[in-house]
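The values are calculated or read from the model by the stated rules, or taken from the named source; none is laboratory data. Quick caveat: nothing in here was measured; it's all calculated off a predicted structure. All Cβ positions, glycine included, derive from the backbone under ideal geometry; neighbour counts span all protein chains shown. When the accessible area is computed, the model is the full protein with side chains, heavy atoms only, and any ligands, DNA or RNA have been set aside. Shrake-Rupley method; radii C 1.70, N 1.55, O 1.52, S 1.80 Å.
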Amino acid sequence: MTTPGWLVTAGFAACLTLGFSDCRHTSPPTKGTPEQRDFQSERRHMVNSQIRARGIQNTEVLEAMAKVPRHEFIPAGMRDYAYSDTPLPIGEGQTISQPYIVALMTELAAPRRGQRILEVGTGSGYQAAVLAELTGEVYTIEIVAPLAERAGETLERLGYKNVTVRTGDGYRGWPEKAPFHSILVTAAAGQIPQPLLDQMAEGGKLIMPVGEIGDVQSLTVVTRKSGKFVREEVLPVRFVPLTGEAQKPR
Ligand code: SAM
């Protein structure tokens with residue numbers, strides 16, 4: 001099966017990295033009903049052709065990506081494309097990010113066992129599940145209530161007991177559970193919300209697409225070192241906007 005053109009054009013071109021268009025048509029041929037499909041080998045193919053091939057090396061991240069069933073986080077009608085190299089619609093005008101972006105943000109976050117991670121932008125819950133495979137506790141906030149509810153149900157059904165989902169605006173983070181070793185923001189804004197910087201642990205990392213909405217943003221990594229915030233721009237990306245307080249004029 002190849003990814004159809006409509007899937008990678010503007011409507012769903014959110015939450016993906018730019019400049020890898022040659023890697024888009026890499027899904028193996030698949031046949032049969034979802035029940036008959038060999039999702040595990042599709043996942044292995046996804047890891048090898050889309051993720052490892054682009055330079056993700058952390059073996060624990062690769063194993064987590066090979067383990068978490070992305071098709072379970074996607075509306076039933078889209079499951080044929082679950083392991084395609086693209087973001088996909090999840091309802092409410094939102095998307096699940098491209099698999100490579102999920103792997104890259106996870107590798108940049110460098111999660112370890114016993115740590116606490118915050119995600120802003122739960123969406124389908126998929127990124128939270130990947131993080132949950134690699135760390136102690138995941139706290140994830142979603143502003144769109146039906147998405148938060150569905151993600152919570154999916155994560156519970158799949159047995160992820162170390163993920164807590166909250167409905168709300170993630171702009172202010174989750175102060176009761178701070179500090180966090182890593183913070184992943186999976187929606188874009190012109191500036192990093194100060195409350196999230198304040199909730200980073202010493203030595204911790206924040207990963208977020210920063211830049212103009214509707215345009216290309218920079219996937220940015222901030223590391224907190226001796227109380228200072230060191231910024232690094234990693235990759236041009238295109239994400240959906242961080243809504244709510246982030247959009248208020250300042
Ligand atoms: N990480 C998600 C996944 O694995 O499916 C994909 C996230 S999607 C690209 C971005 C999500 O951020 C959307 O579901 C959107 O509703 C959510 N969002 C946008 N602004 C938000 C905010 N201020 N607080 C929390 N969530 C927000």
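List of remarks:
- Per this entry, residue 122 is counted among residues that are closer than 17 Å to residue 182 by Cα, in a loop (DSSP other than H, G, I, E, B) and under 10 Å from the mean Cα position of the chain (by Cα).
- Screening residue 77 on (1) at pLDDT 95 or above; (2) in a helix (DSSP H, G or I) shows it passes everything except condition (1).
- The numbered conditions (1) assigned to a strand (DSSP E or B); (2) more than 11 Å from the ligand (Cβ to nearest atom) are all true for residue 71 except (1).
- Residue match in segment 104-114 (condition: among the β-branched types (Val, Ile, Thr) and either modelled with pLDDT under 95 or under 27 Å from residue 59 (Cβ atoms) (or both)): yes
- So residue 127, is it among the polar types (S, T, N, Q), more than 10 Å from the ligand (Cβ to nearest atom) and open to solvent by 10 Å² or more (accessible area, probe 1.4 Å): no
- Residues of segment 220-241 that are over 16 Å from the mean Cα position of the chain (by Cα) and at pLDDT 95 or above: 222, 223, 224, 225, 228, 229, 230, 231, 232, 233.
- Checking residue 206 against (1) in contact with a strand residue (DSSP E or B) (Cβ under 6 Å, 6 or more places away or on another chain); (2) assigned to a helix (DSSP H, G or I), the condition it does not meet: (2)
- Cβ-Cβ under 7 Å pairs, at least 6 apart or on other chains, segment 144-166 side in contact (Cβ under 8 Å) with a residue 12 or more places away in the chain, far side more than 10 Å from the ligand (Cβ to nearest atom) and part of a helix (DSSP H, G or I): 154/72; 158/72; 160/132; 162/132; 163/132; 163/155; 165/152; 165/155
- Extreme residue, nearest to the ligand (Cβ to nearest atom), among residues of segment 130-151 that are surrounded by fewer than 20 Cβ atoms within 10 Å (Cβ to Cβ) and closer than 19 Å to residue 179 by Cα: 137
- Qualifying residue in segment 185-194 (condition: farther than 17 Å from residue 128 by Cβ, touching a Pro at 6+ places or on another chain (Cβ under 8 Å), within 16 Å of the ligand (Cβ to nearest atom) and open to solvent by 20 Å² or more (accessible area, probe 1.4 Å)): no
- The condition (being more than 27 Å from residue 235 (Cα to Cα), among the polar types (S, T, N, Q), open to solvent by less than 30 Å² (accessible area, probe 1.4 Å) and within 12 Å of the ligand (Cβ to nearest atom)) is satisfied by just one residue among 122, 106, 154, 167: 154.
- Those residues of segment 229-248 which are open to solvent by less than 50 Å² (accessible area, probe 1.4 Å) and of a type in the set (Asp, Glu), in sequence order: 245
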